[in-house]
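Visitor: One structure, as structure tokens, below. Some questions next.
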Amino acid sequence: MVYDLRFMYYLPNVDKFYFSPYENRFRERILEKLREKKFRLPNYTHLYIMISDTFENSLYHAIRAENWFVYGIAVLENFADYPAKQEIEKQRIVFDLIKQGLN
């Protein structure tokens, strides 16, 4: 069973609420659907999505120290533009980041 789905990000000058409220809304819905479908993971129970401005940066910071979690990689190249986006664009960006990370 999946216990947790979480964003982790390494973006300069970005606080932990950068993608709120959409991060929490989408994560909770997706996690709920995974649980409903009894989605199982091979050797881990937590999925973390590492977001950075390049694939290499995301991969570099996705250090797996324990066996109970795994990282998915997501890239947001122009992250500094995110706060100025329209709300619908922010929703799409956050959803796309989750999609990237799960793929």
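Visitor: Which pairs turn up if I take residues in segment 39-52 that are touching a residue at least 12 places away in the same chain (Cβ under 8 Å) and look for partners that are in a strand (DSSP E or B) and of a type in the set (Ser, Thr, Tyr) with beta carbon separation below 6 Å, at least 6 apart in sequence or on another chain?
Guide: TYR48/TYR71; MET50/TYR71; ILE51/TYR9; SER52/TYR10
Visitor: While we're on this one: Test of understanding: among GLU56, GLU77, GLU66, which residue is farther than 21 Å from ASN24 by Cβ, assigned to a loop (DSSP other than H, G, I, E, B) and without any contact (Cβ under 8 Å) to a residue 12 or more places away in the chain?
Guide: One residue alone meets the criteria, GLU66.
Visitor: May I pose another question? Just give me the residues in segment 73-103 being polar (S, T, N, Q) and within 17 Å of TYR18 (Cβ to Cβ), in sequence order.
Guide: Across segment 73-103, the qualifying residues are ASN78, GLN86, GLN91, GLN100.
Visitor: Next question. If TYR9 passes every condition in (1) within 14 Å of the chain's Cα centre (by Cα); (2) open to solvent by less than 100 Å² (accessible area, probe 1.4 Å); (3) modelled with pLDDT of 90 or more; (4) aromatic (Phe, Trp, Tyr) but one, which one does it miss?
Guide: The number of the failed condition is (3).
Visitor: Please pick out the residue among PHE19, PHE7, PHE26 that is touching a Gly at 6+ places or on another chain (Cβ under 9 Å) and touching a residue at least 60 places away in the same chain (Cβ under 8 Å).
Guide: Going through PHE19, PHE7, PHE26 in turn, the sole match is PHE7.
Visitor: For TYR22, only one of the following conditions fails: (1) under 16 Å from ASN103 (Cβ atoms); (2) at pLDDT 90 or above. What is its number?
Guide: (1)
Visitor: Would you pick out the residues in segment 61-72 that are open to solvent by 20 Å² or more (accessible area, probe 1.4 Å) and closer than 19 Å to LYS16 by Cβ?
Guide: HIS61, ALA62, ILE63, TYR71
Visitor: Can you name the residue in segment 16-31 that is part of a loop (DSSP other than H, G, I, E, B) and among the hydrophobic types (A, V, I, L, M, F, W, C) and is also most open to solvent (accessible area, probe 1.4 Å) among such residues?
Guide: PHE17
Visitor: Among the listed residues LEU34, LEU97, LEU47, LEU41, identify the single one that is assigned to a loop (DSSP other than H, G, I, E, B), of a type outside the set (Phe, Trp, Tyr) and open to solvent by less than 50 Å² (accessible area, probe 1.4 Å).
Guide: Selected residue: LEU41, the only one of LEU34, LEU97, LEU47, LEU41 that is assigned to a loop (DSSP other than H, G, I, E, B), of a type outside the set (Phe, Trp, Tyr) and open to solvent by less than 50 Å² (accessible area, probe 1.4 Å).
The values are calculated or read from the model by the stated rules, or taken from the named source; none is laboratory data. Keep in mind the model is a prediction, meaning the values are calculated, not measured. Quick reminder, even Gly has a Cβ in these numbers, built from the backbone with ideal geometry, and neighbours come from all protein chains shown. The accessibility values were calculated without ligands, DNA or RNA, using every heavy atom of the protein model including side chains. Shrake-Rupley method; radii C 1.70, N 1.55, O 1.52, S 1.80 Å.
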